[in-house]
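Following: one structure in structure tokens, then a few remarks.
Taken together, the values in this text are just the output of simple stated rules run on the coordinates, not laboratory data. Because the structure is a prediction, the values reported are computed rather than measured. A quick note on method: Cβ atoms are made from the backbone with ideal geometry, for glycine too, and the neighbour counts reach across all protein chains shown.
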Amino acid sequence: MTSKLETVTQNIQTSAIESGRKGDDITLVAVSKTKPVEDIIPLLDQGHRIFGENKVQEAAGKWPDLRSNYNGVKLHLIGPLQSNKVRQAIHVFDVIETLDRPKLARALSRISQEENISCPCYIQINIGHEDQKAGIAPEQADAFITLCRVSLSLPVIGLMCIPPSGQDPAPYFRQLKEIAERNGLGKLSMGMSSDYQTAVRSGATSVRVGTALFGARF
Ligand SMILES: *Cc1c(COP(=O)(O)O)cnc(C)c1O
């Protein structure tokens, strides 16, 4: 029987090839938020190592044991980060995908130096200008990227977005790619269960997939 992981991996492969790329160039972040360790272990047993969680506390509870049983786990924070949780977050996570405001950037810069930890980050862009979503407005992206990299010396590796639901995501993915390109950023985290193939065809280097791997969240 084909596992969900194999299906998603195969779909990524197909979309990559359609857009003249290799499937291996795209990172699959398996979004395990709200899922118990029993649901995560099968993916680890199949060899998957890159996971996404949206809450610092939840990840801090679930992952230390899993990490001690499986080598090479990489954990991405994909949910909002409060400044007062930064110190814990940089110990729990390997990558922060939700750098979304100056106050957080300053806290991350200062605390990373204090802890001597360099945690690669993505800047989250509010690509659809939605009030309910976090992220830097597209017009302010260039200035914020410069603040993070130049003034605060943060290891920014790329951009992340969640496009508005119920619309064709492709134009939003294209816009994110344009912002990244003009700022010399190589990585694009975009695409979820409903649109990861579109995202790959639009240039995603990383997709964040939960439901298609773990089933619905309740
Ligand atoms: C929950 C979540 C995902 C995964 O969503 P699915 O639709 O279940 O694939 C991806 N990215 C972010 C930021 C999320 O919060």
With +1 assigned to the C-beta of every Lys and Arg and -1 to the C-beta of every Asp and Glu, and no other charges, what is the dipole magnitude of segment 106-145 about the Cα centre in debye, to the nearest 20? 100
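What percent does the relative contact order of segment 4-214 come to when contacts are Cα pairs within less than 8 Å and at least six residues apart?
Details: 385 pairs, mean separation 44.6, N = 211.
RCO, segment 4-214: 21 percent.
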Projecting each Cα onto the charge dipole of the chain (Lys/Arg +1, Asp/Glu -1 at the beta carbon, about the Cα centre), which of A107, N183, Q57 comes out farthest on the positive side? A107
³J(HN,Hα) across segment 22-27 via Karplus (A = 6.51, B = -1.76, C = 1.60, θ = phi - 60°), whole Hz, x for Gly/Pro? 9, x, 5, 7, 10, 8
Just to check I understand the Karplus step: with θ = phi - 60° and J = 6.51 cos²θ - 1.76 cosθ + 1.60, what whole-Hz values come out for segment 67-78, glycine and proline as x? 4, 6, 9, 10, 6, x, 5, 10, 10, 9, 7, 10
Of the listed pairs K55/K103; K22/K74; K55/K177; K22/K62, which have alpha-carbon separations greater than 29 Å here? K22/K62
Answer in debye to the nearest 20: the dipole magnitude of the chain about its Cα centre, from +1 Lys/Arg and -1 Asp/Glu charges placed on Cβ, is 340
In whole Hz, what ³J(HN,Hα) sequence does segment 190-205 give by Karplus (6.51, -1.76, 1.60; θ = phi - 60°), x for Gly and Pro? 7, x, 10, 3, 7, 9, 5, 6, 4, 4, 4, 5, 8, x, 4, 9
Give me the Å³ per residue figure for the convex hull around the C-alpha atoms of segment 136-218. 113
Once the dipole of segment 48-182 is set up with Lys and Arg at +1 and Asp and Glu at -1 on Cβ about the Cα centre, which of P163, H129, N69 lies farthest towards its positive end? N69
Once every DSSP H run of n ≥ 4 in the chain is given -39500 (n - 2.57) and the sum is divided by its residues, what mean residue ellipticity at 222 nm do you get, rounded to the nearest 500 deg cm²/dmol? -12000 deg cm²/dmol
Give the long-range amide H neighbours of S206: residues separated by 5 or more places, or on another chain, with amide H under 5 Å away, using H modelled in the peptide plane at 1.01 Å from N. T27, L188, M190
Any idea what diffusion coefficient segment 4-214 gets from Stokes-Einstein, in µm²/s, Kirkwood Rh on alpha carbon pairs, 20 °C, 1.002 mPa s? 124
